[in-house]
Structures are given as structure tokens and as C-alpha cells.
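Engineer: I'd like to ask you about the structure that follows.
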Amino acid sequence: MALTDAQFIAWLKRPDSIRTVLVEVVARIVSTETTLYLSSRNYVDGVAGRAYSAAISGGLNTSEALNLDGNPSISYGDIELHNESGERDAWLDYVWSNRAASVYVGDPTWPRADFRLVFAGVVDDISVRSSTRLALRLRDKLERLNVTLSETVLGGTSANKDRVLPLAFGEPFNVEPLLIDPTALTYRFHNGAAERLVEVRDNGAPITTYTTNLTAGTFTLTAAPVGQITATVQGAKPSGTYRSDVGRLVQHIVQTYGPSTTRLSSGDLDATQLAAFVTACPQQVGKYVNDRVNLLALCQELAASVGASVVMTSTGLLRLVRVALPASGTPVAVTAADMEKSTLVIASRPAVKASAKLGYARNHTPQSSGLASGLPASSAALLGQEWQTVTSANSTVASNYKLDALAVQQDTALISQSEATTEATRRRDLWATQRAIYKAAYYPHLLLTELGDAITMTHSRYGLSGGKTGMVVSLERDWLKGRATIGVLA
């Protein structure tokens, strides 16, 4: 039976523990996908009868962080390999890119089943570190999502034959559907089953002269259009049910789109954490994609709409982590006794902000000219703007810190004014106080920490004597040395 978390942590804390690293990594050798079994010391799996080669010389480090600006961040690391006499020069000719890599830690006296998975990701490549060392560069599983969302084009002989078939997620406003049959006047707004065609417009004026095929995500005009056709739609139906919240759309996208070989499965998702995120962040979004886009960037754009990031746990499970204080979950209490002496520092102090301005309800097809006559002035104005905006400001903070009154607009996929206002106020309040990122090197029992975890720090320095609770925003792990350098936003 595998060790429990408590048993594994107890072993990590023991001064006489002998930390041994096992690596199972795939490479294409000539024309064969081959799994290599490596270790930091000689080890034999007695059950499988498999020997792990003592190829690892050190440098088993991983680094990850939440980007507070809302951009995606792929964690990375490396494994340093012996090559003193060129015995592994041939490895430079192997194909490593995007091959699976799994790292386990345990005691050399343990059976293989008791070793703990501490990293699951992919190899970026192999490099020469020196005349005696090679290095395998690792990336987390988000690298598998660093691909094109869809390359499915219309085909045929029409003028649009090379256009990517559109995809609608949630409820995007005023999109430009793809004309897929000029003779029949059939348009596609989603490549798959869709929930609803909310409205069709011709030069901005609502029309009713069309029939709908929601199974195919299309509609067909029954009269020739006067000008530009646009529509407001409700798109994708994950597992047959329409969803428009960030959490469930991201889960749908990572399992459904991109090359079939890189998609995530349900086993790659942290189901418990994602369920909690769906409950905490039910805001509705709308996003229309009618060209080549990066899948990871799309997921991060959706997540950033509610102040979250797409991340992978060290063991390869997808999470959505929202930057928020107080952090969710039960905090882990740490003191100076958990840290290496004199390593606690304030690594940075994010800028105080007195206001937040969000773009929401994006008009995917702004139309400032050629609109149908007779449109109400309010409708014409709405169709001419790409974004509606909300601003939440704290005049006291602006005065105290002598800050500009106007915030830089941050665009979101939110569609509701009330939900955009709530999110803008949340962001304003989050950064209206001077925050700091406290960083320290912690002893081995903190190696199982993950991004987004809550930590309560008590220390004699930096105003922490009474304890302060924050969330983990950066992690650097060294499994051979048994240290975790953790950055906590508080």
C-alpha cells in the first residue's frame, strides 16, 4: 500500500532519510518510442525486475509561479545527467520534444510502489550543460495545451474554403458567422451542436427571415441579405449541456480541442478543486473564435476574466487558481522553525491600485457605418463600440498614494454588467492595500505545497509577529536538497 501524505511528509522531515529520485522518460530512438529509467543512485524495482540507471547527477529543480498580470505561466525544471566520458552523447540524437516525463522520490530501501510521484509533465528538449553534463529540460503539462485550438477549415471551392470553422463558447455578442454555402445562404456560427441562436442582424437590424439547425451550429437565410450578417449566439454544449461559466468551459476546451494526441483526459483534471472553482466563479462569459488561436492562451483569457490562472499541479493535474485574499482552503501554519535561517525576505511589493476598469460584453463585429436606417440611436452606438466598460474606484486610496484616477482597461470575456462591476470592485479592493510577496526557503515537509495554497506566516520580521495569511504565488522545488522556496502573497 502506497504511503499516505502524512507518512511521506514524516519521511521527508527525517534527517536520516536518503532521498532518491527516479525518472521515467520517453524518447524516440531511431523509430521507436522508448521509455528510459533513470535514477540518482542505483535502484532495482524487484517486482518489475527493472533496473534504473544512476544517470542523474543533480539539478533536479522545478519552478512555477502565478503571473499576477493574468498571462499564462508554464512551470519548468531540469534534470542534470552524467556524461563524463561522452557515454550519453548519442542521446543528443534522440527525439525528446513533447515526450512524457515522470519524476518520483523515495527511499532506496522502499519498493517501487512506495515512491511518490512529484512531477508529471513533458520534455522540452535535451541540452549540453558542460563537457561532462547533459540536461533534460522539463515543462509541465500545460505545454500540451500550447497548440492551435482548431485547424478545421471549410474546404470545398467557395471563397471561404480556407477559413477556419468558427467556435462559440458561452454567449458572444454580434459575431460574424461564416458563409458556408453561398447558394443556399447558409452560415455557420459554431462547429458542433449549439444551444441557441439568440438573434440575427442584417446591417445591424434584427431579422426573422431564417431557419436554424442547432445540431450543426448553422442557420439559413430565407431572403437575400441587404448587407453584413451578424448574430448573437449561445454556443458549445459540453457533454450535451450548454455551459457559459469559465470553469466548465475550460474543462471542455482542454479535453475536446487541439490535436487528439495532446488533449487532456478527465484523469488530468483536479476534479475537486475545479468543482470548487465552478461554485465560486459562476460568472457568464462569451467568446467567439473564427481564426487560428492558441488553445492555452484562450483558456487563460477565459480564466483571467475572473482574475484566475490556468495552472498544473506538480503531479500534472489542471487547476484554475484565482488570485484572491484571503486565499481559499485551510491555511498551513509556518514559523521561522520551518524556514532556513535568514532566508525570509520581501521579494517584491506589487503596486497599489486605486481603481479597476474592465471591458465586458465585447462586440465581436463593431459596425460604425453602413447600418440600416431607422435603428435607434442607442442601438447604433452600441454596435459601433467594441467594448462596454465598468470602473470601480477608491478616491481615498487615490489621494493617499497620489495615483491617477483612471485605470488601464483590462478586457474580459464577461457579458454581464453587474458581474463585471462586482469583479472590478473585487480587483480594486485586492490591490487597494499595499501587498507584499514574502519568500523563504522551507524545509522538506513543505515540498508538497501547491500554487494557490493558503499559508499563515508567523515570524519576528516584516510585521509578521502576529501572523499573516496569504496565498502561494511562486514555488521552486529542489528534491535532492530537500528545499522548497515559496513566495506568499499577503
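Engineer: Report yes if some residue within the range 267-275 is modelled with pLDDT of 95 or more, crowded, with 22+ Cβ neighbours inside 10 Å and either within 16 Å of the chain's Cα centre (by Cα) or assigned to a strand (DSSP E or B) (or both); otherwise report no.
Structural biologist: Within the range 267-275, not a single residue is modelled with pLDDT of 95 or more, crowded, with 22+ Cβ neighbours inside 10 Å and either within 16 Å of the chain's Cα centre (by Cα) or assigned to a strand (DSSP E or B) (or both).
Engineer: Check every one of the strands (runs of 3 or more DSSP E) wholly within the range 130-192 and list those with 2 or more residues that are within 30 Å of the chain's Cα centre (by Cα), modelled with pLDDT under 95 and under 30 Å from Asp89 (Cα atoms).
Structural biologist: In the range 130-192, the matching strands (runs of 3 or more DSSP E) lie at 133-140.
Yes/no matrix, rows are residues, columns are (1) touching a Gly at 6+ places or on another chain (Cβ under 7 Å); (2) among the small types (Gly, Ala, Ser); (3) buried (at least 22 other Cβ atoms within 10 Å of the Cβ):
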| residue | (1), (2), (3) |
| --- | --- |
| Thr157 | no, no, no |
| Asp162 | no, no, no |
| Gly170 | yes, yes, yes |
| Asp181 | no, no, no |
| Arg188 | yes, no, yes |
| Ala193 | yes, yes, no |
| Leu221 | no, no, no |
| Pro225 | no, no, no |
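Engineer: Now for a different question. Does any residue in the range 106-131 that is free of Cβ contacts under 8 Å to residues at least 24 places away in the same chain come within less than 7 Å, Cβ to Cβ, of a residue that is in a strand (DSSP E or B) and of a type in the set (D, E, K, R) six or more places away or on a different chain, and which pairs are these?
Structural biologist: Close Cβ pairs (under 7 Å, with a partner that is in a strand (DSSP E or B) and of a type in the set (D, E, K, R)) amount to Ser127/Arg137.
Engineer: Please state which of the following conditions Ala54 fails to meet, knowing it meets all the rest: (1) touching a Ser or Thr at 6+ places or on another chain (Cβ under 6 Å); (2) surrounded by 17 or more Cβ atoms within 10 Å (Cβ to Cβ); (3) among the aliphatic types (A, V, I, L, M).
Structural biologist: Single failed check for Ala54: (2).
Engineer: Still on this structure, I have one more. Could you look through the range 340-361, keep only residues that are part of a loop (DSSP other than H, G, I, E, B) and among the hydrophobic types (A, V, I, L, M, F, W, C), and pick out the one that is farthest from Val408 (Cα to Cα)?
Structural biologist: Leu344
Engineer: Under 7 Å between Cβ atoms, at least 6 apart or on separate chains: pull out the pairs that start in the range 289-305 with a residue that is within 24 Å of Lys357 (Cβ to Cβ) and end on any residue that is charged (D, E, K, R).
Structural biologist: Taking only residues 6 or more apart or on different chains, the pairs are Leu302/Lys287.
Engineer: Among the β-branched types (Val, Ile, Thr), surrounded by fewer than 11 Cβ atoms within 10 Å (Cβ to Cβ) and outside any loop (DSSP other than H, G, I, E, B) - does that describe any residue in the range 394-408?
Structural biologist: yes
Engineer: Among the listed residues Ala101, Ala135, which satisfies the condition of being crowded, with 17+ Cβ neighbours inside 10 Å and closer than 24 Å to Asp45 by Cβ?
Structural biologist: Going through Ala101, Ala135 in turn, the sole match is Ala101.
Engineer: Now for a separate question. Inside the range 73-92, can you point out the residues that are surrounded by fewer than 17 Cβ atoms within 10 Å (Cβ to Cβ) and under 30 Å from Ala308 (Cβ atoms)?
Structural biologist: Across the range 73-92, the qualifying residue is only Tyr76.
Engineer: For the subset of the range 433-490 comprising residues that are of a type in the set (Phe, Trp, Tyr) and out of contact with any helix residue (DSSP H, G or I) (no Cβ under 8 Å at 6 or more places or on another chain), which member is farthest from Leu403 (Cα to Cα)?
Structural biologist: Here the answer is Trp479.
Engineer: Run down Ala413, Ala407, Ala424 and say which single residue is closer than 25 Å to Ala297 by Cα, among the hydrophobic types (A, V, I, L, M, F, W, C) and modelled with pLDDT under 95.
Structural biologist: Sole residue among the options that is closer than 25 Å to Ala297 by Cα, among the hydrophobic types (A, V, I, L, M, F, W, C) and modelled with pLDDT under 95: Ala407.
Engineer: Out of the residues in the range 451-490 that are among the small types (Gly, Ala, Ser) and not in a strand (DSSP E or B), state the one that is surrounded by the fewest Cβ atoms within 10 Å (Cβ to Cβ).
Structural biologist: In this case the residue turns out to be Gly466.
Engineer: Let me ask something else. How many of the residues in the range 58-113 are among the small types (Gly, Ala, Ser) and in a loop (DSSP other than H, G, I, E, B)?
Structural biologist: The qualifying residues number 6.
Engineer: If only one of Leu382, Leu375, Leu371 is under 21 Å from Ala420 (Cα atoms) and at pLDDT below 95, which one is it?
Structural biologist: Of Leu382, Leu375, Leu371, the one residue that is under 21 Å from Ala420 (Cα atoms) and at pLDDT below 95 is Leu382.
Engineer: Give the number of residues within the range 199-248 that are part of a loop (DSSP other than H, G, I, E, B) and under 38 Å from the mean Cα position of the chain (by Cα).
Structural biologist: 12
Engineer: For Ala304, which of the numbered conditions (1) modelled with pLDDT of 95 or more; (2) crowded, with 17+ Cβ neighbours inside 10 Å; (3) over 27 Å from Arg196 (Cβ atoms); (4) among the aliphatic types (A, V, I, L, M) fails to hold?
Structural biologist: Against the list (1) modelled with pLDDT of 95 or more; (2) crowded, with 17+ Cβ neighbours inside 10 Å; (3) over 27 Å from Arg196 (Cβ atoms); (4) among the aliphatic types (A, V, I, L, M), Ala304 comes up short only on (3).
Engineer: Show the residue pairs meeting these rules: Cβ distance below 7 Å; 6+ apart or different chains; first residue within the range 12-24 and β-branched (Val, Ile, Thr); second residue modelled with pLDDT of 90 or more and surrounded by fewer than 19 Cβ atoms within 10 Å (Cβ to Cβ).
Structural biologist: From residues that are β-branched (Val, Ile, Thr), the pairs are Ile18/Asp107; Ile18/Pro108; Thr20/Arg41; Thr20/Asp107; Thr20/Pro108.
Engineer: Restricted to the range 244-266, and to residues that are among the β-branched types (Val, Ile, Thr) and over 13 Å from Val310 (Cα atoms), which residue is surrounded by the fewest Cβ atoms within 10 Å (Cβ to Cβ)?
Structural biologist: Among them, the one singled out is Thr261.
Engineer: Of all residues in the range 148-164 being in contact with a Lys or Arg (Cβ under 9 Å, 6 or more places away or on another chain) and touching a residue at least 24 places away in the same chain (Cβ under 8 Å), which is farthest from Ala231 (Cα to Cα)?
Structural biologist: Thr148
Engineer: Looking at Leu142, Leu167, Leu179, which is the one that is more than 25 Å from Leu302 (Cβ to Cβ) and either of a type outside the set (Gly, Ala, Ser) or in contact (Cβ under 8 Å) with a residue 40 or more places away in the chain (or both)?
Structural biologist: Checking each option against the conditions leaves just Leu179.
Engineer: Of these, Val310, Val285, Val278, which one is assigned to a helix (DSSP H, G or I) and outside the structural domain of Leu475 (by TED's automatic domain parsing)?
Structural biologist: From the options Val310, Val285, Val278, the qualifying one is Val278.
Engineer: Is the range 23-33 home to any residue that is modelled with pLDDT under 90, crowded, with 19+ Cβ neighbours inside 10 Å and under 30 Å from Gln300 (Cα atoms)?
Structural biologist: No: the range 23-33 contains no residue that is modelled with pLDDT under 90, crowded, with 19+ Cβ neighbours inside 10 Å and under 30 Å from Gln300 (Cα atoms).
The values are calculated or read from the model by the stated rules, or taken from the named source; none is laboratory data. Remember, it's a predicted structure, so these values are computed and weren't measured experimentally. With ideal geometry, Cβ positions are generated from the backbone for all residues, glycine too; neighbour counts draw on all protein chains shown.
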